[in-house]
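The values are calculated or read from the model by the stated rules, or taken from the named source; none is laboratory data. Small disclaimer: the values here were computed from a predicted structure and weren't measured. In this analysis, Cβ positions are derived from the backbone assuming ideal geometry, glycine residues included, and neighbour counts consider all displayed protein chains.
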Amino acid sequence: MSLIQLKDVYKIYAEGQENQVNALDGVTLSIDQGEFVAIIGTSGSGKSTMMNILGCLDVPTRGEYLLDGTPIRERTQRELSQIRSRQIAFIFQGYNLIPSLNVWQNVALPMLYQRVPLAERRARAMEALEKVEIAAKADNRPAQLSGGQQQRVAIARAIAARSPILMADEPTGALDSRTGEQVLGLMRQMNAEGTTVILITHDNGIAAQADRTVRVKDGKIVHDSLWDGVLVDWSAPPARVAAMNALRMALDSIREKKGRSFLTMLGIIIGVTAVLVLVALVSGYNADITAYYEKLGVNKVNVTVNWYDTSRSVDVMDTLYDYGNGELGDMVLGVSPDLSTSLPMKYRTTTLDSGTLYLGSDQFSGLRELHPEGGAGHQRL
């Protein structure tokens, strides 16, 4: 048998009137002993109303609520008060501290109704205050504390009560991230010790700390992670459990708000496409500019070598050609020597007293076939 059972529960305000509000609209839910359940929803979704009913702070208009097999709807206010004091501990979003009591007395108050001896009440209260790091303020009044400090006192009160059920309404809302993580760790520790934890939140990240998530919208349960089949791998580390639940909630959100999800994906696709097109245009433009400047020859370096012994010109240029295309091959695209010199030239029976011969890269390899004819300074083609 489940510890908590809601069967087709309705909570209706101003029933039968024009301004009727169905805060809960046919909710059915079961929670077993020892579960850590997060009830998540936006403001006005009905999650706080559900907590009030689960915590016996209110009763359903219609439907059945069983707590540990006991029907709650027909209970008197006195009986409901006894159930709350003995079986349920609360962490309220509004702190609910008594101004006339100091910090440790506020923490010890639930134990008074449990008839715990005074010495034990104080010891347990101080232990709980140590856990939330506010024991130094034990004798202060609530008015002397900040909002975050008052929230810690409210959490310590729930810890000290040691009730089998803990219900927390936005317990980390007024806390910094470090203290919030610490409080969630304490709640998980209490759950590991057997406490059934019910966490009310609007934050997906906070809800992901629970082992089970129930999403509420417009007074109805629109998703329960139990519907996914396997709820959670209990042997998995907490970080993995949180990641699995966060993924489930993300998928739930996508299914629930298809229009918004489609527009978001469309915006991402358009943005990525625009970036890719822009990168392609810039790359193409750079390539065109580079090709243009290559045609102008601005990427070429002219190395001029002057020599006086024309008979050694071939050796000098041959050495430069091999060096440029060999050892400098990884630094330059290529070496293209241009050789010019003035020599008397002879073609068949015709002799030119003076002429200029230009050799480019295509003709340079043939330069080695030139031989002196007659005297120094003559070459044969």
Open item on the list: Tell me whether region 165-172 contains one or more residues that are over 20 Å from the mean Cα position of the chain (by Cα), modelled with pLDDT under 90 and either part of a loop (DSSP other than H, G, I, E, B) or over 25 Å from Ser30 (Cβ atoms) (or both).
Closed with: yes
Open item on the list: Go through region 23-44 and report how many residues are at pLDDT 90 or above and among the hydroxyl-bearing types (Ser, Thr, Tyr).
Closed with: 2
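Here is a yes/no grid of residues against (1) over 19 Å from Glu79 (Cβ atoms); (2) in contact (Cβ under 8 Å) with a residue 24 or more places away in the chain:
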position	(1), (2)
Asp8	yes, yes
Lys11	yes, yes
Asp25	yes, yes
Leu29	yes, yes
Ala38	yes, yes
Gly44	yes, no
Met50	yes, yes
Leu57	no, yes
Task: Flag if Val197 is in contact with an Asp or Glu (Cβ under 6 Å, 6 or more places away or on another chain) and either closer than 26 Å to Leu57 by Cβ or outside any helix (DSSP H, G or I) (or both) - done: no
Open item on the list: One residue is enough: does region 139-158 have a residue meeting the conditions under 18 Å from Gly34 (Cα atoms) and either in the same structural domain as Ser30 (by TED's automatic domain parsing) or not in a helix (DSSP H, G or I) (or both)?
Closed with: yes
